[in-house]
Amino acid sequence: MKPLLFILIIILFSLQSKAQTLTQNIRGTIIDKVSQSPLPGATVVLLESDPLKGTSTDGEGKFTLQNVPVGKQGIKINFMGYKEILMRDLPLHAGKELVLTIQLEEDATLMQEVVIKAQVDKTKALNDMSTVSSRTFSVEETQKFAAAVNDPARMATSFAGVTQGDDGNNYISIRGNSPNGLLWRMEGVDIPNPNHFAGVGTSGGGISILSAQVMSNSDFSTGAFAAEYGNALSGVFDLKLRKGNDEKRENTIQIGVLGLDLASEGPFKKGYNGSYLINYRYSTLSILGQLGVPLGDGITNFQDLSFNIHLPTKKHGTFGIFGFGGLSDQNTKPKKDSLMWKEDSWYQYRSNFVANTGAVGFTHTKLFNNQSYLRTALVLSGTENAYDAEKLQTDYSNYDLEYKEAFTQSKIGLSSVYTKKFNAKSSIRTGVVLDKLNYDLEQKELDEADKLSTVLESTGETYTAQSFFQWKYMLSGKLTANIGIHYLQLFLNNSMSVEPRASMKYELNSKNNLTLGYGLHSQLQPIGVYFVKPLGVAVSPNKDLELSKAHHLVLGHDLNINSYSHIKTEIYYQHLFDLPISTDMTKTFSIINSVDGFYLDPLTNKGLGRNYGLELTYERFLHKSLYYLFSGSLFQSQYKASNGKWYDTRFNTNYASSFTLGKEWDISKNNSSKMFGFNMKAIYSGGQRFTPIDLTSSILNDETQYITAETYTKQNPDYWRLDLRVSLKRNFRNMTSIWALDIQNSTNRKNVGGQYFDSNTGAVKYWYQTPLIPILSYKLEF
């Protein structure tokens with residue numbers, strides 16, 4: 001109770017001070033975008049200040065603007081030989097200093113300086129070697145986007161080419177690809193799927209482990225990736241972590257129906273630039289159940305911890321420690337009423353689901369002569385997935401185990417990446433990544449004789465190696481090229497892939513850009529696929545599976561309407577090959593349709609796929625407290641099965657669109673002490689495809705049987721959802737409070753999720769996606 005009483009006292013004291021002028025500091029570091037070296041002597045001016053307020057960076061590229069009035073502010077940064085940057089609508093809160101890391105781009109043409117009037121130029125990726133199908137997303141977007149719940153994956157459904165597979169999960173399909181084609185990275189290294197309630201072999205889960213409190217501006221790519229990205233077919237989340245405040249201790253507390261969220265940051269000691277940032281969350285979804293939201297009969301809990309420690313030295317470079325860990329579980333109990341079993345067969349089962357994930361990384365960065373740097377990282381990570389289902393006997397006396405899985409996977413990864421800037425026109429980046437994978441896999445299920453049999457049991461280790469080289473060169477004042485190559489090898493069976501990558505950007509004029517990109521990409525199969533053994537077979541038939549591969553080709557055009565809005569159009573084609581498909585010509589399985597788990601039958605790398613489409617984005621970045629984003633996609637996604645026929649993929653919705661909007665109003669009489677915010681996101685897309693159930697055969701076999709001849713010929717009804725968010729932000733002296741209400745699926749539309757065969761009733765039934773969910777929260781920054 002003492003901490004809560006202390007907070008209450010602070011609030012009451014602050015209320016007495018609301019008539020005073022509320023101010024806060026804007027601090028930051030200005031660095032070269034390519035070499036990451038500091039830029040001493042750069043000028044920073046506070047826009048619309050009277051008298052004019054400004055400063056310059058010190059020998060470490062740092063600057064401070066003190067006592068800046070809270071609210072929306074803007075700054076201008078100049079440095080000789082570099083492009084000027086103009087940053088507007090920066091949110092300055094009384095409870096936290098605004099600490100920025102600003103990357104300046106050297107002006108190789110020595111032409112008139114370019115002015116970028118946005119917080120960040122989101123038409124570009126932070127990675128200067130990502131040219132096509134890439135963009136930056138900000139922490140503010142993950143916090144503001146309606147029903148994003150601080151989740152990068154849910155936020156990404158606002159972007160062109162991205163569709164969400166299931167409201168209850170945050171896995172996303174990009175350009176018709178399987179969600180498993182997504183790569184997660186953090187601080188420049190690969191990490192395991194950072195989501196709670198994640199199934200084995202998937203890229204998503206129920207909710208993100210990562211809190212927006214620790215994230216910085218990051219990159220999202222949807223095709224023809226830069227050469228440094230490997231082991232991915234559909235997209236890349238390249239996440240960056242924010243450094244803690246190295247001069248002042250600050251805290252954040254958030255309480256809501258999803259649970260408790262605590263964050264703390266600050267310096268280790270006065271005069272040292274090192275800092276820590278740590279965030280902890282605990283949540284129980286039972287609160288939503290008490291509000292009347294139907295979340296099932298299970299007890300669902302999760303908690304997570306994420307952190308970033310920054311340790312600079314004067315002579316030996318900068319050391320860092322970062323990491324995250326998440327624990328999640330869900331438990332259900334049967335209904336001891338056999339009459340209810342006829343309504344839903346799962347009322348007869350007791351189940352336990354556990355999904356734990358974690359990673360910790362140790363990094364070292366060394367700058368050389370302000371022209372190059374070497375970044376080395378050692379990352380330890382692991383996942384644990386377990387699930388069992390027990391059937392209650394008809395006399396309620398005992399349980400029969402019908403399914404069990406226990407998958408533990410761990411990885412030790414070592415990477416070293418060297419970046420060198422030769423001059424304003426030319427730079428290179430090259431690196432190697434070595435991974436050791438350990439696995440302990442077990443899966444049991446009922447066979448045709450209703451006997452519990454082992455279908456997967458394997459323990460061991462294997463290795464992967466990746467290396468890459470990429471070169472960025474400005475051929476002229478208008479034309480810039482990125483060329484590179486990536487190499488990936490799995491030592492388990494010595495399958496490998498040599499992958500050329502290339503992209504070009506041509507500036508037609510100050511408002512129009514053309515981009516063209518090509519890349520060959522590859523990906524490992526989920527590790528369990530290599531070890532699945534059919535009953536009675538001594539050796540896994542899938543151990544020698546090759547990597548899945550895809551050619552990506554993207555052509556784009558970007559029109560800058562003005563300094564804060566643009567229209568982007570891209571057309572793309574993906575040719576997928578070496579996809580694992582069933583060796584049985586009577587089956588139409590392809591791994592391109594998988595979401596999680598392992599297919600139990602023998603597979604062969606003879607599968608093909610093709611994705612092609614058109615994407616349109618019309619976006620206004622935050623300007624005068626208003627932003628909006630419209631995205632639309634038309635596409636086809638198909639695959640070729642063992643029988644030689646082409647089928648629509650599960651994720652071929654054919655079209656998808658979204659409209660995201662947000663606006664803030666100053667409702668205070670002075671000094672922006674009260675801000676009301678409204679945000680919305682509307683999604684409309686085609687339904688996902690499914691294979692119809694053969695009801696007659698299902699009844700005869702007492703289990704689900706599909707009409708294989710009609711694989712993915714049926715489609716769920718169109719998907720429509722409207723999410724809303726309202727917030728009230730109030731600044732006090734040295735403190736900011738934010739009330740927010742997110743309403744997912746505000747119209748309570750019953751979007752169809754799919755169909756299933758109920759063996760108890762002998763009928764095909766539909767299941768529906770998440771209904772209206774209100775998420776109320778209160779955040780305090782101080």
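The values are calculated or read from the model by the stated rules, or taken from the named source; none is laboratory data. Computed from a prediction, not measured in an experiment: that's the story for all the values here. Cβ placement follows ideal geometry from the backbone for every residue including glycine, while neighbour counts extend to all protein chains displayed. Remember, those area values only see protein heavy atoms, side chains included, never the ligands or the DNA or RNA. Shrake-Rupley method; radii C 1.70, N 1.55, O 1.52, S 1.80 Å.
Structure values in brief
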quantity	calculated
In nm, spacing of pseudo-spin labels at Asn512 and Trp767 (7 Å Cα→C-beta vector)	5.1
Net charge over other residues, Cβ less than 14 angstrom from the Cβ of Ala359 (K, R count +1; D, E count -1)	-3
Cα centre as origin, Lys/Arg/Asp/Glu Cβ charges: the chain dipole, Debye	2960
Hydrodynamic radius of the stretch 444-510 per Kirkwood, over alpha carbon pairs, in Å	16.6
More than 20 Å apart - percent of Cα-Cα pairs taken over the stretch 616-741	65
Stokes-Einstein D in µm²/s, Kirkwood radius over Cα pairs - the stretch 598-665 at 25 °C with 0.890 mPa s viscosity	161
Heavy atoms of Arg350: accessible area, 1.4 Å probe, square angstrom to 10	80
Principal-axis tilt of helix 2-15 within the chain, Cα atoms, nearest 10 degrees	40
Answer label, with P(r) over Cα pairs in 20 Å bins from 0, in percent calculated from the coordinates and candidates [x] 15, 50, 30, 5, 0; [y] 15, 45, 34, 7, 0; [z] 14, 42, 32, 12, 1	[x]
³J(HN,Hα) computed for each position of the stretch 577-585 - Karplus, 6.51 cos²θ - 1.76 cosθ + 1.60, integer Hz, glycine/proline x	8, 6, 7, x, 10, 5, 7, 7, 5
Lys425 accessible area, 1.4 Å probe, all protein chains in place, Å² to nearest 10	90
Normalised alpha carbon radius of gyration of the stretch 201-342 [divisor 2.2 N^0.38 Å]	1.42
Apportionment of accessible area to carbon and sulfur, the chain, percent (1.4 Å)	57
Cβ-placed point charges (K, R +1; D, E -1), dipole of the stretch 627-681 about Cα centre in debye, nearest 20	120
Mean Cα-pair separation over length for the chain, i.e. relative contact order, pairs under 8 Å, 6 or more apart, %	11
Normalised alpha carbon radius of gyration of the stretch 318-368 [divisor 2.2 N^0.38 Å]	2.31
Zone residues, the stretch 49-65, relative to Lys248, backbone N less than 15 Å from point 7 Å out along Cα-to-Cβ	63-65
Probe 1.4 Å, all protein chains present, accessible-area order of Tyr463, Tyr229, Tyr418, largest first	Tyr463, Tyr418, Tyr229
FRET efficiency estimate (nearest 0.05) - Cβ-Cβ, Leu374 to Leu446, R0 56 angstrom	0.55
Compactness index (Cα Rg / 2.2 N^0.38 Å), the stretch 677-757	1.86
Local electrostatic count at Ile207 - Lys and Arg +1, Asp and Glu -1, tallied over other residues with Cβ under 11 Å	0
Solvent-accessible heavy-atom area per residue, rounded to whole Å², over the chain at 1.4 Å	42
Peptide ranges 351-359, 129-137, 510-518 listed from the most packed, as the mean C-beta count within 10 angstrom indicates	129-137, 351-359, 510-518
Accessible-area value, Ser540, 1.4 Å probe, nucleic acids and ligands omitted, Å²	20
Calculated P(r) tail over 13 Å for the stretch 518-566, as whole % of Cα pairs	72
Accessible surface ranking that places the most exposed of Val539, Val44 first, with a 1.4 angstrom probe	Val539, Val44
Table column - 3J(HN,Hα) (Hz), the stretch 451-465, Karplus curve with 6.51, -1.76, 1.60, x for Gly and Pro	10, 6, 10, 7, 10, 8, 7, 7, 9, x, 8, 8, 9, 10, 9
Computed lengthening from Met585 to Glu703, 0.36 nm per intervening residue step minus Cα-Cα distance	40.3 nm
³J(HN,Hα), Karplus 6.51/-1.76/1.60, whole Hz, each residue of the stretch 639-645, x for Gly, Pro	9, 10, 8, 4, 7, x, 9
Nitroxide proxy distance, nm - points 7 Å out along Cα→Cβ at Lys674 and Leu616	4.1
Cα-Cα P(r), the stretch 349-486, percent of pairs per 5 Å interval	2, 8, 12, 12, 11, 9, 9, 8, 7, 6, 5, 4, 3, 2, 1, 0, 0
Full-extension gain in nm, Thr462 to Thr696, via 0.36 nm per residue minus C-alpha separation	79.7 nm
Among the listed pairs Lys269/Lys779; Lys640/Lys750; Lys366/Lys505; Lys240/Lys315; Lys645/Lys714, those beyond 22 Å (Cα-Cα)	Lys269/Lys779; Lys640/Lys750; Lys366/Lys505; Lys240/Lys315
Extension gain from Asn562 to Thr64, taking 0.36 nm per residue of separation minus the Cα-Cα distance	176.3 nm
Inter-site label distance for Leu260 and Ser56 at 7 Å from Cα along Cβ, in nm	5.0
